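Rule-based calculations on the coordinates, nothing more; no lab input. If you're wondering where the values come from, they're calculated on a predicted model, not measured in any experiment. With ideal geometry, Cβ positions are generated from the backbone for all residues, glycine too; neighbour counts draw on all protein chains shown.
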C-alpha cells in the first residue's frame, strides 16, 4: 500500500486497528474481523475493558517510524533529498510536520530527519523553532505525565511548507524565507 491509512475502532479502553489504502479496499473485511473478535472474545475483553474516567486525558501518538509512513509524494521526496544539504533544519522540520497526518514527537522528528540525512537534535528543537522570526509556524503540545511534546503545524506553517516544496522543485533552489 503506497498511501497507508490506519483505521482504529475503540471499545472502552481497547483500540483495534487495521491498515487500508486510499480506496478503502479492505474496510469491510477489517470491520468484520473486529466485530468477530468483539463477539467471540466478549468475556475476555470485558475483563480488560473498563470505563475511561473523564478526568483522564488521552494523547494518542501514532507510531511513525519511516518516511514511507508520511505519504510523501515521490517527486517531492526526491526534491528534498537532492537539496538536503541546502535545506535548513527549520524548513526540514516544517516539511516533516506537513507530511505527517498527526503531530510528531521529538523521537519521531529525530528519526525521520536522520533517515533524510540531516538529523535534528533535541537542543535545536527545544530552542530554534521558538525564536521570534519563526513564531507562529509550529505548535507544541505537552504530553500529560511526560516531559515530551507533540509538534504540529499552524496554518502559517502549512503555507510555509507549501512554499518550501515549490521552491525545492525549482532549479536552482532558493529558500522561501
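For region 67-169, taking Cα atoms only, what is the radius of gyration to one decimal and the Dmax to the nearest whole Å?
12.9, 42
Using Cα-Cα distances under 8 Å and only pairs 6 or more residues apart, what relative contact order does region 114-177 have, in percent?
Reported as a whole number, the value is 19 percent.
For region 90-143, report the translational diffusion coefficient in µm²/s to the nearest whole number, using Stokes-Einstein at 25 °C, 0.890 mPa s, and a Kirkwood Rh over Cα pairs.
Working: Rh = 11.5 Å.
D = 213 µm²/s.
Could you order peptides 90-98, 17-25 by the average number of other Cβ atoms within 10 Å of their residues, highest first?
Per-residue mean Cβ counts within 10 Å order the peptides as 90-98, 17-25.
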